[in-house]
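Notes follow once the structure below has been shown.
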Amino acid sequence: MEQLMAMLGGGKKGAMIAEDKALPGRQQAMKVTNKHYVLGNPIQEPFPDNLETCVFATGCFWGTEKMFWRVPGVYSTSVGYCAGYTQNPTYEEVCSGQTGHTEAVQVAWDPTVISFADLLSMHWTCHDPTQGMRQGNDAGTQYRSGIYCSTKAQLELAKKSAEVYGAALKAAGATRDITSEINGPGDNCVYYFAEDYHQQYLAKPGARPYCSAQPTGVPVPEEFLKENGAKLSAGYWKKYGPRPGCTIQVSNEPVPVEEALNA
């Protein structure tokens, strides 16, 4: 019953489990279909050498993944579990709060088309990063917000973006601080694939149209984005940016590059 409650967002999961108390896991990796259901590209590494990768967590990974795969320049996305202790965990184990993982999305993108600053803007605006161990109706350590960087340069910019966005939230009247984890290479950033049925879930026939993300409506300051090589304008975010319920009310197809850059 406790595990069932955990899976439904209940249970006592407000605090991270200690590493020595976490479930042991297993050696065998999760088997997934190595083809993105929408984009058609591989979801497993190795990716083409010109691409970059980063892992983002903004609550339930179904909606998070859809928001990122729609961004022009994104080559592939997948859902999985990050920043925990259990090796190759299952969904049920993660939901129990006994692995330390958060639901996350690995994004691979072409930096000549889209910048890391643009993806950071998506991260900060597609949920409320001040809610701690929850997002909307989803409660538990597996719904905490985070950015898990693959390079030191990403880590530096992610930290800077958190400072800038935190100030923007306070200027807009927010009373809580950002609680997102920001980890760098080697700093508990191991990413494990989630079960195959979770991959690109919201695009698949019969999917339950669910998303509990609670965007604040506060944009990332345009000055910060321009200073850090963002390719998407304020017009893009106004037209295509996150809003409550948006992941279940918009097309599964990515925004065309030309439309995005001309917005």
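Here, each number is a calculation from the coordinates, and none is a lab measurement. Keep in mind that what you see is a predicted model, and the values were worked out from it rather than measured. Ideal geometry is used to build each Cβ from the backbone, glycine not excepted, and the neighbour counts take in all protein chains shown.
Annotation: the antiparallel percentage among DSSP beta bridges lying fully within the chain is about 85.
Principal-axis analysis of the Cα atoms of the chain puts helix 152-171 at an angle of about 80° to the longest axis. Calculate I(q)/I(0) for the range 107-185 by the Debye formula, one identical point scatterer on each C-alpha and no solvent, and give its log10 at q = 0.19, 0.20, 0.26 Å⁻¹ to two decimals. Debye intensities relative to I(0), on a log10 scale: -0.86, -0.94, -1.32. For Q200, the amide hydrogen comes within under 5 Å of the amide hydrogens of V79, counting only partners 5 or more places away or on other chains and with H modelled in the peptide plane.
For the range 167-218, the spread of Cα coordinates along the three principal axes comes to 42, 33, 12 Å, biggest extent given first. Basic side chains Lys and Arg get +1 at the Cβ, acidic Asp and Glu get -1 at the Cβ, and with that the dipole of the chain about its Cα centre reaches some 540 debye. Against the chain, whose longest principal axis is taken from its Cα atoms, helix 116-125 shows a tilt of about 70°.
Sequence neighbours fewer than 8 away in the same chain don't count; with that in mind, list the lysines whose C-alpha is under 20 Å from K152. Within the straight-line cut-off, K152 pairs with K160. Given K159/K204; K31/K238; K170/K231; K21/K66, which pairs have Cα atoms separated by over 29 Å? Long pairs (Cα-Cα over 29 Å): K159/K204; K31/K238; K21/K66. The distance separating the Cα centre of the range 219-242 from that of the range 62-98 comes to 25 Å.
Packing, taken as the mean count of other beta carbons within 10 Å per residue, orders the peptides 159-165, 17-23 from highest to lowest as 159-165, 17-23.
Computed from the Kirkwood radius of its Cα pairs, the Stokes-Einstein diffusion coefficient for the range 2-262 at 25 °C and 0.890 mPa s stands at 134 µm²/s. When peptides 139-145, 173-179 are sorted by average Cβ neighbour count within 10 Å, with the highest value leading, the order is 139-145, 173-179. Adding -39500 (n - 2.57) for every DSSP H run of four residues or longer, then dividing by how many residues the chain holds, sets the calculated 222 nm ellipticity at -7500 deg cm²/dmol.
Here is the size of the range 38-188 from its Cα atoms: Rg then Dmax, 14.8, 43 Å.
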